[in-house]
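Nothing in this text is a laboratory measurement; each read-out follows from the coordinates by a stated rule. Quantities reported herein were computed from a predicted structural model and do not represent experimental measurements. Backbone-built Cβ (ideal geometry, glycine too); neighbour counts: all protein chains shown.
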Amino acid sequence: MNKMLNKTRAASFWTLALVILALAGCNNQQPSPNSAPTAQSSEETFKDFGDYELHFNALRTDQLSADVARSYGIERSKNSVLFNITVLRKNADGKTQPVDAEVSVEAHNLNGQTKDATARRVSEGEAIYYIGTVSINGSEILVFDVHATPAGEQRKLDLKFKREFFAD
C-alpha cells in the first residue's frame, strides 16, 4: 500500500511540475501556420546564488488538475494561488540536487495588503519542495518575498518575485 501511495505521489509531483513549467512559458513547440505564435514568458522562474539555485513559481489553483489538487490537499479555486519553491545545491559535476531548507514566504498585493502564506515541505523520492496557497480577490498582482536557508548553512537566500493573476 505504501509503495502504491508513493508511486501516486511521485506521479502527482511530476504532473504538478509539468503544469508549472508549462504555465511558465516553457513550451517550445512550433505554432501551426494557422495560429498565432505562443508568447514566451519573460518572468524568471529561478535565481542563482552560486552554490545554490532557488526555483519558484505561482499559479491559480483552478489550473491544477483535480487529481493533483486532491493529492496535495489543495482546494481548486480562481481565488487561490499555489506557490512552489525548490532549493537546489549545485554539485561539482554541474548537476543540481534538491536539499532541505528553512523556507518562509511572505506575500502582499500592490496595495500593501499582506496575504497569509505558509510554506509546507513536500518530499517525494529525491524531490524536496515547499508549497503553500495564498488567497486573491479577482485580478491581483502579488509580490512574494522568499527566504530560504539551506540545511547546514548560515547564509539566507532571499528573493522577491511578482506574478499577476487575472479573474475570468
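Placing a pseudo-label 7 Å from each Cα along the Cα-to-Cβ vector at E164 and H147 gives an inter-label distance of 3.0 nm.
Neighbour counting of Cβ atoms within 10 Å sorts the residues F144, F161, fewest neighbours leading, into F161, F144.
Couplings 3J(HN,Hα) for the stretch 74-89, derived from phi with the Karplus relation 6.51 cos²θ - 1.76 cosθ + 1.60 (θ = phi - 60°), are 10, 7, 7, 7, 6, 9, 9, 10, 9, 10, 9, 10, 10, 9, 10, 9 Hz, where x marks Gly and Pro. Legend: ranking of residues V87, V143, V105 from fewest to most surrounding C-beta atoms inside 10 Å; resulting order V143, V105, V87.
Cross-link list K78/K156; K47/K95; K90/K156; K47/K115; K47/K160: which exceed 21 angstrom alpha carbon to alpha carbon? Working shown, then result.
On the way: K78/K156 33 Å; K47/K95 16 Å; K90/K156 16 Å; K47/K115 23 Å; K47/K160 10 Å.
Among K78/K156; K47/K95; K90/K156; K47/K115; K47/K160, the Cα-Cα distance tops 21 Å for K78/K156; K47/K115.
With only the Cα atoms considered, the stretch 122-168 has a convex hull volume of 101 Å³ per residue. Listed by Cβ neighbour count within 10 Å, with the fewest neighbours leading, Y52, Y130 appear as Y52, Y130.
Projected onto its three principal axes, the C-alpha set of the stretch 35-159 covers 44, 39, 30 Å, listed from the longest axis down.
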